[in-house]
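Taking it in order: structure first as structure tokens, then the write-up.
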Amino acid sequence: MKNANCSKIGTNEEKSFEYFSHILDNIHESFLILDDNLLIKHFNKAAEKATGLKSSLILNKYFFDVFDGAKGSIFEEKFNWVLKNRKEVTFETFYDKEPFKNWYEVRIYPHGSDIAVFLNTITRSKLAEHLKAESEQWNQLLLENAGVGIGYYDLNGKILMFNKLAAEHLNGSPEDFIDKYVYEIFSSNMASLIMERIENTVKLDKKLEFEDFFNAPSGQKWFLSNFVSIKDFKGNVMGVQIISQDITLRKLFEEELIKSEEKYRDLYKSMNEGLAVHKIIYNFHGKAIDYLITEVNPAYEKLLGLKEEDVIGRKASVVYGTNKPPYIDIYSLVVETRSPEHFETYFEPMDRYFSISAFSPKIGEFVTVFEDITSRIKSEKKLRESEEKLRLAVESANLGIWCWEIEKDNMVWSDRCKEIFGLKIDQEPYYELFMDFLHPDDRENLIEIMGNAVENNYANAEHRVIWPDGSVHWVQSTGKLYSGENGLKAFGIVVDIDERKNYEKALKLSEKKFRTAFENSTMGMSINDTDGNFIDVNDAFCHMLGYSRVELLSPSFNYLSITYAEDKETSKKYVNNLLNGQKSFYNLEKRYLHRDGSIIWAYLTLFLIQDDNNNPLYFITHIQNITAWKKAQDEIIKQNKLLELAHIFVVDNKDRIIFWNKGSEKLYGWSPEEALGKKSYELLKTKFPKPLDDIKLELNRFEHWEGELIHKCRNGKSLTVASHWVSQFDDSGENIATLEVNNDITKRKIAEENLKETLEELRKSNAELEQFAYVASHDLQEPLRMITSFLQLLSKRYEGKLDSDADEFIGFAVDGASRMQELINDLLIYSRVSRKAKKFENINTESTLIQSIFNLKVILDEKNANITYGSLPVVYGDYNQFVQLFQNFIANSIKYSINDPVIHICAEKKDEYWIFQIKDNGIGIDPKHHDRIFRIFQRLHRNGEYDGTGIGLAICRRIIERHGGDIWVDSELGNGSIFYFKIPIREDEIRRDEFE
Ligand code: ADP
């Protein structure tokens, strides 16, 4: 196939030369041909453009002399392999030497005895390319090193600018030509040709291209010239730019090429770009209406998905299925003008973008070389979009961006980047400066991160920078590494995170503060969600309620679980009011239920926290255990009530009332409003027991005073009060206030008065009685003694001498007189109990008992009485009276007995008394007479039955009472009797005086 197709073209050597030259120069890939000695035979335009090397300078040079970085590399190995095996090979490699340092995709094909080498740079990052800003200097550089001659002419043919190469073409330097006119430089023919072309360029307003064989001062040469008009910013044409390229060598090479046309035919096959040869079809009017496809290469088939046999000899409109054959207007013009066209286009039927070069190698024919640029266009579009997004992102995020060509140590920082580092806008950064900015503490770490970036291709760090003013700022730097055309580059962004860092710090601090406060608060705190479940509780809360954190936070628990039953409804109501937005917080007292079932009173503050849109987020509850306080309060209320029973007021140091309690109000009748501010003694018309000044002196000395006062009430009534004063003093000892507690003792006083009067009366009547008893007993004794002695005389002298009646009468009279004698004696004893009493002293009652038994010895023996006694105490009293006392009791026990008397006497200690008892086995006493028998002259028996005066027990009672004691009897008829009396153990003088 190869040969068949090739034979169609290349019949004419000249045409063939032109044909191939176009093809090679329209290939967008870098391409070169090496002979079997690896000498460079061809170096296409794309390769020139990519490397900046001029093909004229490297032709016939040894490949590894030009590209010495490839020596000994995979290149050498692959070249040899292809030369030897005559098979194609593809590989990717990194060419590691400037200025071509880059990644390449390399394809090598056998080409006759030569090899064809296609080189493609592998673009690592389009973004990187984008970021590279083209500077004015770069333009200048380009102008100088473009490899083409460039001249600017005004419309009159005056040269405005000539670059070096343009001048070299004319064997001079730019200064030789600037400001000269074309006529001064070129031959008149050449000059008028140039002027004509300048005019046409302006007139047609399009780029014109010419190839001329020119007899230049530097020698005879072929030039390719492009004429383009130069416009000002308003679009007015100012002049024309002529770019001239020496194509002599190419022409020569093309000649050479013709000779080896066959060899080049093979190239079509190896090309990555599609190639098709067409023949134009004209109508009768000579207008191009369609074109036939006459030849295509394998890439064509691959790129368009069409088979060679389906397209060859067919019309384009048919093959591509379009009414109008694609780009017929452009192609007809190419064929017509024989000038090539290059365009990029969207080919709708296939929904793809193509870059197409068209040229006409011979009349009526044209060739298209095209490549599918869909993915490039799409990625460019995407890039543009993402670039726009990026730009917006960069601007809105206030990002600083930077780029660093590491090997060249060339840093470019955006203005914002400089701002973030505290650099002035016109300052240019460099590596050392950057390092100086870094905070010393972060430097080491950052260098390490940068080192790692070589492996990871990515670095990210938060670090501090120190501004020239010494202030420290936080920034976040992100960087990416890539290897571009000019070696290893890094680019990235920096963000000012000062505010965030400060905020973070503040947040952390406030969070910590809050946490600490929460954890350590003695107040119980809980956080609940809007359903009332616990989200968090502090220790104090757990402690108050006796539950563990885990228990409270379990899902089955909420605030109602620990609320006292009677308070649940109210709690719910408060919570709902918060959720409804009626209030933002509550203070309340409520009862919780402790885990042990006890009630915990709490003072509670309940907040609802909301978001910015007032949506409820959670509740915060503070609780204070006031159970103890509640109890105390109850106690205080009780005490206050008690205090109200007391009558209390407080006066200041000027005696003005400053406190007046309910009790005082009740007692005196004045309300606090009426009483406060008044002088107490004026209000109450106080009568003091001694001058107030004396009382105050005492108060200052002892801090309190007690005494009886007379107060007048609001209703005029007088009160006697027992008043108790307590004073309070300041640091300097000045009396600030005095509290007075007053007890109404009016009634007691009256009772005391009455008692006093009664006692006085009693004393008087007693005295009278004593007087009477004394008088009676003493004064009656004398006449009685006389009666008795004369009656005895009468009885002695006249017994038996008178009649029997007289004897009996005298006997009665003697009896009566002796009874009277007894009576008077007893009365005397009775009256003497107090009148002739001795001073009290410590007496042994046992001695007094023995004395009394001794006194009664005769009668005791006579009656055969049995007397026993226990141990008897020493008491404070009157010895003789105690003898009298026992004597009376024992005498009665003997008198009122039936059988032999058995008598026992003992004493025992009870409370503050000695209780004595005298027990007998006598006739006993009916209980109804128990009181009577202690009264004077009261007897239960007639004389003759039991003789007596009825004074004995009255004497006993009088003696006991004189000793501060009491007397009583326990007895029944026929059952013997027990007589009791008690004597106080600690008898003091005062008490005894009272009775004296
Ligand atoms: P008197 O013995 O002179 O009658 P008292 O004052 O001694 O007077 O006693 C009053 C009365 O109490 C007696 O009359 C007697 O009836 C009764 N009495 C006193 N002692 C006894 C006693 N030991 N047993 C029974 N009756 C007694």
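Which residue, of 924, 950, is under 26 Å from residue 816 (Cβ atoms), open to solvent by less than 30 Å² (accessible area, probe 1.4 Å), out of contact with any helix residue (DSSP H, G or I) (no Cβ under 8 Å at 6 or more places or on another chain) and within 8 Å of the ligand (Cβ to nearest atom)?
Answer to the check: 950.
Step by step: first the residues of region 511-528, then only those that are open to solvent by 60 Å² or more (accessible area, probe 1.4 Å) and among the hydroxyl-bearing types (Ser, Thr, Tyr), then the one that is farthest from the chain's Cα centre (by Cα). Which residue is that?
522
Given 58, 74, which one is over 14 Å from residue 118 (Cβ atoms) and open to solvent by less than 40 Å² (accessible area, probe 1.4 Å)?
58
Surrounded by 15 or more Cβ atoms within 10 Å (Cβ to Cβ) and either of a type in the set (S, T, N, Q) or within 8 Å of the ligand (Cβ to nearest atom) (or both): does that describe residue 957?
No.
What residue, of 572, 501, 508, is exposed (fewer than 14 other Cβ atoms within 10 Å of the Cβ) and among the basic types (Lys, Arg)?
From the options 572, 501, 508, the qualifying one is 508.
What is the residue count in region 927-947 for residues that are at positive phi and near the ligand (Cβ under 9 Å from one of its atoms)?
Residues meeting the conditions: 1.
Against the definition (within 60 Å of the chain's Cα centre (by Cα) and open to solvent by 80 Å² or more (accessible area, probe 1.4 Å)), how does residue 804 come out, yes or no?
Criteria not met by residue 804.
Would a scan of region 869-878 turn up a residue that is out of contact with any strand residue (DSSP E or B) (no Cβ under 7 Å at 6 or more places or on another chain), more than 16 Å from the ligand (Cβ to nearest atom) and open to solvent by 10 Å² or more (accessible area, probe 1.4 Å)?
Checked against the condition, which is being out of contact with any strand residue (DSSP E or B) (no Cβ under 7 Å at 6 or more places or on another chain), more than 16 Å from the ligand (Cβ to nearest atom) and open to solvent by 10 Å² or more (accessible area, probe 1.4 Å), region 869-878 yields at least one hit.
Are there any pairs, at least 6 apart or on different chains, whose C-beta atoms fall under 9 Å, with the first in region 608-634 and in contact (Cβ under 8 Å) with a residue 12 or more places away in the chain and the second assigned to a loop (DSSP other than H, G, I, E, B) and among the charged types (D, E, K, R), and if so, which?
608/583; 617/611
Look at residue 455 and say whether it is open to solvent by 70 Å² or more (accessible area, probe 1.4 Å), part of a helix (DSSP H, G or I) and either at pLDDT 85 or above or of a type in the set (A, V, I, L, M) (or both).
Spelling it out, it is not the case that residue 455 is open to solvent by 70 Å² or more (accessible area, probe 1.4 Å), part of a helix (DSSP H, G or I) and either at pLDDT 85 or above or of a type in the set (A, V, I, L, M) (or both).
Has region 824-839 got any residue that is open to solvent by 60 Å² or more (accessible area, probe 1.4 Å), within 16 Å of the ligand (Cβ to nearest atom) and within 23 Å of residue 770 (Cβ to Cβ)?
Yes, the conditions are met somewhere in region 824-839.
Those residues that are in contact (Cβ under 8 Å) with a residue 40 or more places away in the chain and of a type in the set (D, E, K, R), I need them from region 402-418; list them, please.
405, 407, 408
Going by the conditions given, is residue 316 under 21 Å from residue 272 (Cβ atoms), free of Cβ contacts under 8 Å to residues at least 40 places away in the same chain and more than 60 Å from the chain's Cα centre (by Cα)?
Considered against the rule, which asks whether it is under 21 Å from residue 272 (Cβ atoms), free of Cβ contacts under 8 Å to residues at least 40 places away in the same chain and more than 60 Å from the chain's Cα centre (by Cα), residue 316 comes out as no.
Scanning region 659-675 for residues that are closer than 20 Å to residue 738 by Cα and exposed (fewer than 15 other Cβ atoms within 10 Å of the Cβ), which turns out farthest from the chain's Cα centre (by Cα)?
671
Looking only at region 545-555, count every residue that is surrounded by fewer than 17 Cβ atoms within 10 Å (Cβ to Cβ) and touching a strand residue (DSSP E or B) at 6+ places or on another chain (Cβ under 9 Å) and tell me the total.
The number of residues fulfilling the criteria is 5.
Return the residues of region 57-80 that are of a type outside the set (Lys, Arg) and assigned to a loop (DSSP other than H, G, I, E, B); say none if nothing qualifies.
59, 60, 67, 72, 73
Cβ-Cβ distance below 9 Å, separation of 6 or more or different chains: which pairs start in region 923-942 with a residue that is of a type in the set (Asp, Glu) and end on one that is more than 6 Å from the ligand (Cβ to nearest atom) and assigned to a loop (DSSP other than H, G, I, E, B)?
Partner pairs satisfying both residue conditions: 926/972; 926/973.
Regarding residue 847, is this residue over 60 Å from the mean Cα position of the chain (by Cα) and free of Cβ contacts under 8 Å to residues at least 40 places away in the same chain?
Criteria met by residue 847.
Can you find a residue in region 87-105 that is within 18 Å of residue 50 (Cα to Cα) and aliphatic (A, V, I, L, M)?
no
Across region 896-912, what is the total count of residues that are buried (at least 18 other Cβ atoms within 10 Å of the Cβ) and either within 12 Å of the ligand (Cβ to nearest atom) or β-branched (Val, Ile, Thr) (or both)?
Residues flagged as buried (at least 18 other Cβ atoms within 10 Å of the Cβ) and either within 12 Å of the ligand (Cβ to nearest atom) or β-branched (Val, Ile, Thr) (or both) within region 896-912 amount to 5.
Search region 952-996 for residues being farther than 24 Å from residue 909 by Cβ and not in a helix (DSSP H, G or I), and hand back the single one that is modelled with the lowest pLDDT.
Looking at residues that are farther than 24 Å from residue 909 by Cβ and not in a helix (DSSP H, G or I), I get 996.
For region 960-979, which residues satisfy the criterion of being touching a residue at least 60 places away in the same chain (Cβ under 8 Å) and more than 13 Å from the ligand (Cβ to nearest atom)?
The answer is 960, 962, 963.
Checking residue 740 against (1) open to solvent by 70 Å² or more (accessible area, probe 1.4 Å); (2) in contact with a Ser or Thr (Cβ under 7 Å, 6 or more places away or on another chain); (3) not in a helix (DSSP H, G or I), only one condition comes out false. Which one?
(1)
Return yes or no: is residue 916 open to solvent by less than 20 Å² (accessible area, probe 1.4 Å), more than 8 Å from the ligand (Cβ to nearest atom), closer than 29 Å to residue 766 by Cβ and not charged (D, E, K, R)?
Here the answer is yes, as residue 916 does meet what is asked.
Within region 723-737, track down each residue that is farther than 15 Å from residue 667 by Cβ and part of a strand (DSSP E or B).
Passing the criteria: 725, 726, 727, 728, 729, 735, 736, 737.
Considering every residue within region 520-539, establish whether at least one is modelled with pLDDT of 85 or more, of a type in the set (Phe, Trp, Tyr) and closer than 20 Å to residue 605 by Cα.
yes
When you check residue 888 against the structure, is it polar (S, T, N, Q), within 16 Å of the ligand (Cβ to nearest atom) and not in a loop (DSSP other than H, G, I, E, B), yes or no?
yes
With the condition kept exactly as written, say whether any residue in region 303-325 is among the β-branched types (Val, Ile, Thr), surrounded by 19 or more Cβ atoms within 10 Å (Cβ to Cβ), under 20 Å from residue 362 (Cβ atoms) and in contact with a helix residue (DSSP H, G or I) (Cβ under 6 Å, 6 or more places away or on another chain).
There is no residue in region 303-325 that is among the β-branched types (Val, Ile, Thr), surrounded by 19 or more Cβ atoms within 10 Å (Cβ to Cβ), under 20 Å from residue 362 (Cβ atoms) and in contact with a helix residue (DSSP H, G or I) (Cβ under 6 Å, 6 or more places away or on another chain).
The values are calculated or read from the model by the stated rules, or taken from the named source; none is laboratory data. Keep in mind the model is a prediction, meaning the values are calculated, not measured. Positions of Cβ are generated from backbone atoms using ideal geometry, with glycine treated the same way; all protein chains shown enter the neighbour counts. In case anyone asks, the SASA skips ligands and DNA or RNA and just uses the protein heavy atoms, side chains included. Shrake-Rupley method; radii C 1.70, N 1.55, O 1.52, S 1.80 Å.
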